[in-house]
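Reading through the structure tokens given below for one structure.
The values are calculated or read from the model by the stated rules, or taken from the named source; none is laboratory data. From a predicted model like this one, the values you see are computed outputs, not experimental measurements. In this analysis, Cβ positions are derived from the backbone assuming ideal geometry, glycine residues included, and neighbour counts consider all displayed protein chains. Ligands, DNA and RNA are excluded from the accessible area calculation, which covers all protein heavy atoms including side chains. Shrake-Rupley method; radii C 1.70, N 1.55, O 1.52, S 1.80 Å.
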Amino acid sequence: MATDVEICSKALILVGDKPIASLTEQTTRAAVCNNLYPLAKRDVLRAHLWNCAIKRVQLPALAGVPAYGWAHWFAKPGDWLRLIDVGNCGGDDYAFEGNRILANLTTLQLRYVADVTEGVWDSALTDVMIKRMAADLAYPITKSTSLMQVKQQEYQAAMRIAKAIDGQENPPEQFGDSPFIAARGGANYA
């Protein structure tokens with residue numbers, strides 16, 4: 001279970017610099033880490049449906065109603081990063097406007113990717129974040145575009161591997177009968 005400081009320190013080592021003890025220490029490398037880390041973290045978490053970052057909630061409708069078109073609106077959770085699905089809305093029976101979700105229900109079941117702390121990450125996600133920070137830190141720390149390109153390639157490779165591992169931890173999604181399958185001779189429809 002790595003922390004943000006450990007992730008940044010390992011990334012700094014990968015680009016040939018010294019580790020840091022705190023994101024707020026009075027060094028240039030700590031200041032760069034402190035500026036880059038939050039956005040990089042949200043980017044990496046949003047890039048995939050990481051099993052360790054998935055949350056489920058039931059949202060109550062907010063007071064008041066939208067001006068027209070929908071019966072209720074709901075506030076997105078504070079740690080919201082990316083929608084996975086809305087459980088009790090069939091198909092497209094909801095919409096996003098600003099920081100609200102609109103639907104014709106009084107309670108909304110929501111599954112989403114959350115901005116979770118590093119303590120719940122698995123080792124593959126931690127490795128991806130270290131590689132991402134190394135890619136982000138390479139130029140500001142070393143002023144080397146070639147090192148930056150190498151670190152970006154390492155990050156992309158780590159991301160592909162981690163996404164594959166994470167995606168294989170759940171059973172495959174089953175799709176129901178479809179007229180498209182029937183048209184290709186895959187099922188018999190009356």
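Listing for the model above:
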| item | result |
| --- | --- |
| Spin-label pair residue 22/residue 153, simplified geometry with 7 Å Cα→Cβ offset, distance in nm | 3.9 nm |
| Förster radius 25 Å - calculated FRET efficiency between residue 111 and residue 145, Cβ distance, rounded to 0.05 | 0.05 |
| Per residue solvent-accessible surface (Å²) - the chain, probe of 1.4 Å | 59 Å² |
| Pairs beyond 19 Å (Cα-Cα), from 55/131; 18/151; 18/41 | 55/131; 18/41 |
| The chain - percent relative contact order, Cα under 8 Å, separation 6 or more | 24 percent |
| Set of aspartates and glutamates near residue 143 by C-alpha distance (under 20 Å), chain-local residues within fewer than 8 positions excluded | 17, 154 |
| Point-to-point label distance, residue 83-residue 68, nm (Cα→Cβ direction, 7 Å offset) | 2.2 nm |
| Projected label distance in nm at residue 43 and residue 57, using a 7 Å step from Cα toward the beta-carbon | 2.6 nm |
| Taking N as its residue count, the alpha carbon Rg of the chain over 2.2 N^0.38 Å | 1.33 |
| Segment 130-173-segment 29-47 distance, computed between alpha-carbon centres (Å) | 13 Å |
